[in-house]
Amino acid sequence: MRLVPFWFVVITVLWTGFFILEGFDFGVGMLHGIIGKDEAGRRAAINTIGPLWDGNEVWLIVAGAAMFAAFPGWYATMFSGFYLALVLLLVALIVRGVSFEYRGKRAAERWRRTWDAAMTAGSLLAPLLIGVALGDLLHGLPINAHQEYTGSFFDLLQPYALLTGVTLVLICVLHGATFLSLKTTGDMRERAGRLARRVAPVTGAAVVAFAIWTHVTASSTFFLNPIELLAVLAVIAAVWLVYEHREGFAFAATTVTMASCILSIFTGLYPNVMVSSTNAAYSLTVHNTASGAYSLKVMTVVAVVLLPVVLVYQTWTYYVFRRRISQQEF
């Protein structure tokens, strides 16, 4: 069953890719009303991600589908235990997606302000909820011998999970601010840079705290592992680069920070997929939740054929829409 760890790696890559790409989308969604002071500015901010955001969300769908197909036991326990949180996540994503389309349907200021608020709320709530869920996987949840979640919604809101959610939200804000610095011109570019410099120290402190707590949770050694150390070094570099006004390198540093944080969760988790706080023997692992060998073989063939096509298409999309956007266009 060598394909079992392979598919855990695939799912890790999918979650990491989702947060790297959708992370700056979430950041722009949270910041569009701040960076764009007027209607033209808000439209310009939204249009920096207009051609990209829906394609980026596909990574979330594929990650969930891969969990269902490769590790149905994991999917069943996680999605039933996180039922209310997942409903809130779906509401946030739906409201956010609808706001992109509906805010321009009427010229009324109140109409647009309502959908702008919905976009901001959805863009904040989504990474917060997903971050809490990922933190819960590693920290542990009440799971019995039958792989059933025995807790309540409030059992999900434990301190480490909340820190994970807040940290991912802050990285999204910094990621989005550096993205807007790269994609806009004039006053909007300056405002994005100033906001990045304000949020960078707070994000840095949160990432350092997250890396240390993750290490304490997942390891018995004293020193941070390479991925946790990379997260700390990357966020320090991001803070320095935004103050040096080096927008491209700052965006690259926030990308590495985001990737390292997600990877640190999954590397600390393996070979578990959900840790049981009831009894370590009840923890869900890649082996006791995996699909059969034939299913994994078929999925591997499909992934090897289709994943490169998706990556090439998405790379082409980013290349086509690479130019800066000016407020004066709107």
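When the GluC sites (Glu not before Pro) in the range 141-230 are filtered for DSSP coil states and for at most 14 other beta-carbon atoms within 10 Å of their beta-carbon, the remaining sites are GLU148. So I have [x] 19; [y] 25; [z] 29, and one of them is percent of Cα pairs over 36 Å apart calculated from this model. Which one is it? Read-out taken from this structure: [x]. For LYS105, a cut-off of 29 angstrom between C-alpha atoms picks up these lysines, skipping any fewer than 8 places away in its own chain: LYS37, LYS183.
For the chain, complete DSSP H runs whose alpha carbons reach 30 Å or more along their own long axis and whose mean Kyte-Doolittle score is -0.5 or higher are 3-35, 109-139, 159-183, 186-218, 247-269, 293-320. Annotation: per residue accessible area for the chain equals 45 Å², rounded to a whole number [probe 1.4 Å, protein chains only]. Protein heavy-atom surface of the chain, 1.4 angstrom probe: 69% of the accessible area is carbon and sulfur, with nucleic acids and ligands not counted. Residue order by solvent-accessible surface for SER80, SER326, SER123, SER219 is SER80, SER219, SER326, SER123, largest first, with ligands and nucleic acids left out and a 1.4 Å probe. Averaging the sequence gap over all C-alpha pairs within less than 8 Å and six or more residues apart, then dividing by the number of residues, gives the chain a relative contact order of 26 percent. Between LEU162 and THR185, the modelled label-to-label distance comes to 4.6 nm, taking each label 7 Å out from Cα in the direction of the beta carbon.
The values are calculated or read from the model by the stated rules, or taken from the named source; none is laboratory data. Given the structure is predicted, the values throughout are model-derived calculations rather than measurements. Neighbour counts are summed over all protein chains in view; Cβ atoms, including those assigned to glycine, are modelled from backbone coordinates with ideal geometry. Side chains included, ligands, DNA and RNA excluded: accessible areas come from the protein's heavy atoms. Shrake-Rupley method; radii C 1.70, N 1.55, O 1.52, S 1.80 Å.
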